Amino acid sequence: MPDTDQSAAPTLRRHLDADQESAVAAEIERAAQERVPERLWERDDTLWGPAGQAEVADRLGWLDAPSTGLEQQATLEALASEVAEEGYTDVVLVGMGGSSLAPEVVWDWSGPRNGRLRLRMLDSTDPDAIATVEAATEPERTLVLVSTKSGGTLETVSLFRHFWSRNPDGRAFVAVTDPGSGLEAMARAHDFRAIFHGDPEIGGRYSALSPFGTVPAALTGADLGALLQGGVRALQASQGPAPENVAVQLGAAVAALAKAGRDKLVLRVQDRRLASFGLWLEQLVAESTGKGGHGVLPVVDDPATEDGGLPTVASDRQLLVLRGPGDDPDLDAAVARSTEAGVPVLELVVAGEEALGAAFAILEVATATVGWSLGINPFDQPDVQAAKDATQVVLAEVADGTPIPAAGEVTPEAVLGFVEGLAAPDYLAILAYLPPSADAGVEVGRLRSALAARTDAAVTTGFGPRYLHSTGQLHKGGPAVGHYLLLEHDPRAERTIPAPASDDEPSNPTTSFRTLFHAQSQGDLRTLGAHDRPVLRVSLGSDWLESLAALTTAIKEDS
């Protein structure tokens, strides 16, 4: 945040009308009566349902993560110094979901410092995305950080094998995984430089301040002390009574507004260094709340925020602004306009170099509080596995000689027909199986803006297969109001998935990243269909950037 005062405690500002304030205040009072923060810190699993639920009592290790991280700080910083002194210049992080999203936020916040490594994120099986990372790095000067809690994530293991074939030197590899995982066994067999254990009692999306976040942060020179101290202080504050507890108040407010019909959470960040924060928040909130027909849908980079504004006519939206305590006349004016129009605004105010760690911790507690309020378990993800299983079925069919069905060519008429009549509480999700590049982000954003102008419904975007580990849970388990525009392309590159090094390792369901990439799209298409979700699947061909731009132009002109 622009303000540098590290002593300022985080605060929550609520800009609500009388009815909204009454509902939020009542929910905060209920949280106080039911001792929500006290029971959270007592590790009382009945806060989210009957005692003994799977993935509740054994998923609260994140409450201790930043304190544990401070104990590991010297070891991590020594590793960072060691690899930099040996001439490494880049670190390629291969991981999905919770293993990759927080490191990207920290990188954007801190950038390369103290001569440490540049971060290259790779959370895609698109051969073109892999080729881009390869072109930007030299194998002998690149450290590969293989990050997966389970140790068996298909994308991560496949990418590890590919990069090992590029430089089969264990000193160029580091693993972050839970103890005893398949990845740990592979790392030991390949003599990795280092293996860091995650805490089995921390779920992936709550792991930002665990080794899944701190190892890449250290390698890129982030200020680990400030990051972790921010988390420690925020978590200490979250132990207080609900009426004085910023994190619990925020969660209670988000839930109360969602129960009143405002279940789309639009995020606006004041500091552009936090541009990727929304992707982390998106996974945290969507995967934690999107189940049992309930859910809060994060709307990141809403078109209404493109010019510094905020939505003013969205009947199903609430706004979360992450900001510093200083004056910002433009932002303050945008908040006032939204509030005057009846759209509720919540401002989380954090300051100084500890701001990012504090924001991570506050929003984790807030999300756990949303789960309590909605009566759901915020730590499981019951519908994520379905798309993974469907992908395996598709790959087995390919192995037996059945090709993946081709998508139809994209036309403006088909897309406009698909979104016609959408209105709140509906939403449209653009699922883009494209290389997650800056150019792709711009063009997908232009399409999103064009479609948002044609409907009152919220419009979200996500790159595949990344979103399968994020909003994919809410797409299947959340409210049945989503419509899904699935965009595919034909990768120009091809990259192979090498065979396992031994019979003790899991086998590859395919030797082609191109096939895996398309199978993941087809698997999600089938899974959405099995949940009776409306989907339009179209192909942009090999010249996808031009096709996407042309589609957007045609939609804008048809008005």
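Rule-based calculations on the coordinates, nothing more; no lab input. All values derive from a computational prediction rather than experimental measurement. For neighbour counting, all protein chains shown are included, and Cβ atoms are generated from backbone atoms with ideal geometry for every residue, glycine included.
Data overview
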| read-out | value |
| --- | --- |
| Subset of segment 405-415 (residues that are surrounded by fewer than 16 Cβ atoms within 10 Å (Cβ to Cβ) and either of a type in the set (A, V, I, L, M, F, W, C) or in a helix (DSSP H, G or I) (or both)) | Ala406, Glu413, Ala414 |
| Selected residue [of a type in the set (Asp, Glu), assigned to a helix (DSSP H, G or I), surrounded by 14 or more Cβ atoms within 10 Å (Cβ to Cβ) and within 23 Å of the chain's Cα centre (by Cα)] from Glu364, Glu397, Glu353 | Glu364 |
| Segment 62-84, residues that are more than 19 Å from Asp199 (Cβ to Cβ) and of a type in the set (Ser, Thr, Tyr) | Ser81 |
| Of all residues making up segment 299-346, the number that are of a type in the set (Asp, Glu), surrounded by 17 or more Cβ atoms within 10 Å (Cβ to Cβ) and more than 21 Å from the chain's Cα centre (by Cα) | 1 |
| Cβ-Cβ under 8 Å pairs, at least 6 apart or on other chains, segment 333-357 side under 19 Å from Leu228 (Cα atoms), far side among the charged types (D, E, K, R) and in a helix (DSSP H, G or I) | Glu354/Arg233 |
| Residues located in segment 209-227, provided they are assigned to a helix (DSSP H, G or I) and either without any contact (Cβ under 8 Å) to a residue 24 or more places away in the chain or within 20 Å of the chain's Cα centre (by Cα) (or both) | Pro211, Phe212, Gly213, Thr214, Val215, Pro216, Ala217, Leu227 |
| Of all residues making up segment 100-127, the number that are charged (D, E, K, R) and more than 27 Å from Ala351 (Cβ to Cβ) | 4 |
| Subset of segment 253-282 [part of a helix (DSSP H, G or I) and farther than 28 Å from Glu29 by Cα] | Arg272, Arg273, Leu274, Phe277, Gly278, Leu279, Trp280 |
| Segment 247-268 - residue that is under 17 Å from Glu364 (Cβ atoms) and in contact with a strand residue (DSSP E or B) (Cβ under 6 Å, 6 or more places away or on another chain) and, of those, surrounded by the most Cβ atoms within 10 Å (Cβ to Cβ) | Ala253 |
| Which numbered condition Gln249 fails, given (1) touching a helix residue (DSSP H, G or I) at 6+ places or on another chain (Cβ under 9 Å); (2) under 26 Å from Ser449 (Cα atoms) | (2) |
| Subset of segment 403-421 (residues that are hydrophobic (A, V, I, L, M, F, W, C), farther than 16 Å from Thr455 by Cβ and touching a helix residue (DSSP H, G or I) at 6+ places or on another chain (Cβ under 9 Å)) | Ile404, Ala407, Val410 |
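This table checks each residue for (1) crowded, with 23+ Cβ neighbours inside 10 Å; (2) out of contact with any helix residue (DSSP H, G or I) (no Cβ under 8 Å at 6 or more places or on another chain).
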{"site": "Asp504", "(1), (2)": "no, no"}
{"site": "Ser507", "(1), (2)": "no, yes"}
{"site": "Thr511", "(1), (2)": "no, yes"}
{"site": "Phe517", "(1), (2)": "yes, no"}
{"site": "Gly523", "(1), (2)": "yes, no"}
{"site": "Arg526", "(1), (2)": "no, no"}
{"site": "Arg533", "(1), (2)": "no, no"}
{"site": "Gly541", "(1), (2)": "no, no"}
